[in-house]
Amino acid sequence: MKHLVFFNNILMINKALTAFILLLLAASSFGQSGIIKGRIFNASGNQPVAFANVVITGTNTYALSDTAGYYEISGVNPGYYRLSALAVGFENAETEEFHVTNARVTYVDITMVEKPTELDQVVVKATAFKRAEESPVSLKSIGIAEIERSPGANRDISKVIQALPGVASGLSYRNDLIVRGGGPSENRFLVDGIEIPNLNHFGTQGASGGSVGIINSDFLREADLFTGAFPANRGNVLSSVLEMKLIDGNPDKMSYRAALGASEVAASASGPLGERTTLLVSARRSYLQLLFNALGLPFLPTFNDYTVKVKTRFNLKNELTLLSIGSLDKSVLNTTLEDPDEEQQYILSYLPEYDQWTYAIGAVYRHYRDRSYDTWVLSRNMLHNESRKYENNDENGNLTLNYVSREIENKVRYENNARLGEYKIISGAGAEFAKYTNNTFQRVFIPRADDTLTSIDYNSYLDFFKYNAFFQVSKSFFADKLTLSAGLRADGASYSDETNNLLRQLSPRASFSYALSSKMSLNANVGRYFQLPSYTTLGYRDFAGNLVNKANDIRYIRSDHLVAGVEFRRNTNARLSVEGFIKWYDHYPFSVNDSVSIASKGANYGTYGDEPATPNSSGRAYGAEVYYRDKVLDLVNVILSYTLVRSEFEDKDGRLIPSAWDNRHILNLSAAAGLKRNWNVGMRWRFVGGAPYTPYDYNRSSLIEAWDARGQGYLDFSRYNTERFGNFHQLDIRIDKEYFFKKWSLDVYVDVQNVYNFQSKETGILLQQRDTNGTPLVDPEDPTRYALKSITTKSGTVLPTLGIVVEF
């Protein structure tokens, strides 16, 4: 019945939107063309590239750049395009995908790499697929069309990247980034070169997961995901680096955009602030609390976020970018539910209420020299996280959880990118001041031999410095057939004697790429990477205020990577790659209370890593990936990715056992086509092998003191990850229709997730047995225990969404 109410509300919203769309159509007349403008410049010194030929890829439409490097192409039909640029003395270049509309001028700047002409060199054509000398493997790029129109992703970059090889999707209602068998705490995120602490709303402190992404896709230009072969200027990472680049503001006039999606409403603006300065600004607010209340869910989340970007080009040699991204999230319990069923009662009994806000703010100053450029990055990011829980949700009753924590990072980084002759050199250094506070009160039942109820009650204050230096050099040989790259990075932190010496965290890395022909290449990378454990682990204290894990000699986690593969490019739009990988882990924190590696934790809401640990855990992840991308019949863009992965960590006896990320098989198939009259259709089917899980400890869970402390069952870590979920698969479809008018445009889309209503098996839950009055029953044979029962649960439902995007 609750689901019928939910879908009735969806239908009412859809009818209202349809009426609104028809009203707009009736009041407007159609327009049909857009304009592309931009500048072409040398990558190393920002000098203009004159008389370059700029072509709309796949067409005969072109323009020539003038002596200042500027070009203009007019009369372009609205849609998604790429540009190819050709100039004497430069490598051919192809841009990321971009969207042309008549509502505004589309600005696309093109970077070209200078290269002297050599005899007998391998001819490399401009291609849509990005390649870097430092990372010839394990780098995939996503353009704006995939981000905007990925079926089932709802314009959320956190979900879009789940279609890439090596990336597993976790629970359907979370955005955990799980890459090549590594945990969700092993990733780093950057926007225009500024690091942000978490990619998601309702983020798990100490990890990367959450429910909804905080990045507004209206501003995204492209995203690069490194799943290995990390450049030396990217550190404190073990599994992936996601680098997102935003568009610049419109330099001609103000333009506006409004969007209504599956869970939020968004508004944004773009325009000039002066002759040399542009502005981007956006805000979003969710209406999830309305939908969740209509569905009868026992919790009501609300999220808000903003993005502001200001860019000033002082002259050809100097530019400054100011950027800030922030979020404000709140989740309260729906205690006004009438006659909640047993599952709703269960959720209400253990789930706390959350308040969380984050922000990142920074400045990026870039100065161009003749053959190089300097980049200075100054930034600050902060996370504030609160959660609280009262027994029986009675604020006048016993407090079972009160958690308030903050993480603050102040960073400065300098980089120099140079092309000296045939050498590409990246060098630089960085420093950071970190501060962590934590006020925790929690009633806990420690799973030890005596099974005692106790309270964790401590205040923690921690601050220390981090520092790093890096260098990487790349060069091509034998007329560009062979490309080699070698880098070295060193990281340190003043946290302890185990972390303060840069030489203990030396991270060498090397890449190799050999062109067998203009279409096929062999590629490989080997590297050592380090990451500091989460602040929740570093700042954990005992009752006496001692830093427990510092005394346990906690240190940087180390991971050694080896990746090798082959790549075949049939043409500029077709790519087939096969890669094998292996990662060895060492010094991972090992939970003292649970006797398991915390590498398998971090996929739940709340916090991760705030427990006593020792640096004794080792593990490995290995497998292979296949990635195929092509445009079939010049109409349908097809992407296929398959990953075979195993992830294992040592237990307390030193035996390798599957981690929580041991999905084994991951398959994604997507197809999209642009049809006549501005229709676009797309589908995505994904398959994820069942992950391991740990069953409940019924004996410990049934103890009254234990149950009352947390309101849910306890896992049996003596049977850690001995069970496995069933396989998960889901089909999502999306249909877009765009309307273009004289001065504005309208995009209407229908997105349906889980079309055939697949329902995946979950762990099941333990519930208290209750009498007719709702009072928990005590075990008649043991008055110290509740009478519990186990029920099987499943997740998954058909989820339709109608959305609109208006631009003017």
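The values are calculated or read from the model by the stated rules, or taken from the named source; none is laboratory data. Small disclaimer: the values here were computed from a predicted structure and weren't measured. When we count neighbours, we look across all protein chains shown, and the Cβ atoms used for this are built from the backbone with ideal geometry, even at glycine. The area values use the complete protein model at the heavy-atom level, side chains included, leaving out ligands, DNA and RNA. Shrake-Rupley method; radii C 1.70, N 1.55, O 1.52, S 1.80 Å.
Descriptive notes on the structure:
- Output for segment 154-196, where each listed residue is under 16 Å from Gln730 (Cα atoms) and among the small types (Gly, Ala, Ser): Ala163, Ala168, Ser169, Gly170, Ser172
- Filter pass, Ala479 being among the aliphatic types (A, V, I, L, M) and either outside any strand (DSSP E or B) or at pLDDT below 95 (or both): yes
Okay, residues lined up against (1) touching an Asp or Glu at 6+ places or on another chain (Cβ under 8 Å); (2) outside any loop (DSSP other than H, G, I, E, B); (3) closer than 29 Å to Asn410 by Cβ:
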{"position": "Val444", "(1), (2), (3)": "no, yes, no"}
{"position": "Asn459", "(1), (2), (3)": "no, yes, yes"}
{"position": "Lys466", "(1), (2), (3)": "yes, yes, yes"}
{"position": "Phe471", "(1), (2), (3)": "no, yes, yes"}
{"position": "Ser474", "(1), (2), (3)": "yes, yes, no"}
{"position": "Thr483", "(1), (2), (3)": "yes, yes, no"}
{"position": "Ser496", "(1), (2), (3)": "yes, no, yes"}
{"position": "Asn500", "(1), (2), (3)": "no, no, yes"}
{"position": "Ala510", "(1), (2), (3)": "no, yes, no"}
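- Where a residue in segment 560-578 is more than 27 Å from Ser507 (Cβ to Cβ) and crowded, with 18+ Cβ neighbours inside 10 Å and its partner, wherever it lies, is modelled with pLDDT under 95 and β-branched (Val, Ile, Thr), with Cβ under 7 Å and at least six apart: Arg569/Thr127; Thr572/Thr127
- Residues considered: Thr722, Thr772. Of these, the only one that is among the β-branched types (Val, Ile, Thr) and free of Cβ contacts under 8 Å to residues at least 12 places away in the same chain is Thr772.
- Of everything listed in (1) open to solvent by 20 Å² or more (accessible area, probe 1.4 Å); (2) touching a strand residue (DSSP E or B) at 6+ places or on another chain (Cβ under 6 Å), the single unmet condition for Asp252 is (2).
- A residue that is surrounded by 20 or more Cβ atoms within 10 Å (Cβ to Cβ), out of contact with any Leu (no Cβ under 7 Å at 6 or more places or on another chain) and under 16 Å from Arg221 (Cα atoms) cannot be found anywhere in segment 284-306.
- The criterion of being open to solvent by 30 Å² or more (accessible area, probe 1.4 Å) and in a strand (DSSP E or B) holds for Lys424.
- Qualifying residues in segment 322-364 (those that are assigned to a loop (DSSP other than H, G, I, E, B) and either among the hydroxyl-bearing types (Ser, Thr, Tyr) or more than 30 Å from Asn773 (Cα to Cα) (or both)) - the one most open to solvent (accessible area, probe 1.4 Å): Thr336
- Counting the residues of segment 39-78 that are in a strand (DSSP E or B), hydroxyl-bearing (Ser, Thr, Tyr) and open to solvent by less than 60 Å² (accessible area, probe 1.4 Å) gives 1.
- Qualifying residue in segment 677-686 (condition: open to solvent by 30 Å² or more (accessible area, probe 1.4 Å) and in a loop (DSSP other than H, G, I, E, B)): no
- Residue in segment 567-588 that is assigned to a loop (DSSP other than H, G, I, E, B), on the phi < 0 side of the Ramachandran plot and at pLDDT 90 or above present: no
- Residue match in segment 422-432 (condition: among the charged types (D, E, K, R) and in contact (Cβ under 8 Å) with a residue 40 or more places away in the chain): yes
Every residue, every condition in (1) open to solvent by less than 30 Å² (accessible area, probe 1.4 Å); (2) within 18 Å of Gly689 (Cβ to Cβ); (3) part of a loop (DSSP other than H, G, I, E, B), yes or no:
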| position | (1), (2), (3) |
| --- | --- |
| Arg555 | no, no, yes |
| Asn593 | no, no, yes |
| Ser641 | yes, yes, no |
| His665 | no, yes, no |
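- Residue within segment 93-102 that is closer than 27 Å to Ser217 by Cα, in contact (Cβ under 8 Å) with a residue 60 or more places away in the chain and open to solvent by 50 Å² or more (accessible area, probe 1.4 Å) present: no
- Pairs meeting the criteria (first residue in segment 789-808 and without any contact (Cβ under 8 Å) to a residue 40 or more places away in the chain, second residue outside any strand (DSSP E or B), beta carbons under 6 Å, at least 6 apart or on different chains) are Lys789/Gln769; Thr792/Gly764; Lys794/Gln759.
- Residue count, segment 643-661 (criterion: buried (at least 17 other Cβ atoms within 10 Å of the Cβ), within 22 Å of the chain's Cα centre (by Cα), at pLDDT 95 or above and not hydroxyl-bearing (Ser, Thr, Tyr)): 2
- Lys140 satisfies every condition listed in (1) open to solvent by 10 Å² or more (accessible area, probe 1.4 Å); (2) in contact with a Gly (Cβ under 9 Å, 6 or more places away or on another chain); (3) part of a loop (DSSP other than H, G, I, E, B); (4) not hydrophobic (A, V, I, L, M, F, W, C) except (3).
- Residue list for segment 227-244, restricted to those being part of a strand (DSSP E or B) and either open to solvent by 10 Å² or more (accessible area, probe 1.4 Å) or out of contact with any strand residue (DSSP E or B) (no Cβ under 6 Å at 6 or more places or on another chain) (or both): Glu243
- Within segment 512-549, the set of residues being farther than 21 Å from Leu383 by Cβ and assigned to a helix (DSSP H, G or I) comprises just one member, Val548.
- Condition check for Ala479: open to solvent by 30 Å² or more (accessible area, probe 1.4 Å) and in contact (Cβ under 8 Å) with a residue 12 or more places away in the chain: no
- Positions within segment 769-785 being loosely packed, with under 13 Cβ neighbours inside 10 Å and not β-branched (Val, Ile, Thr), in sequence order: Asp771, Asn773, Gly774, Pro780, Glu781, Asp782, Pro783
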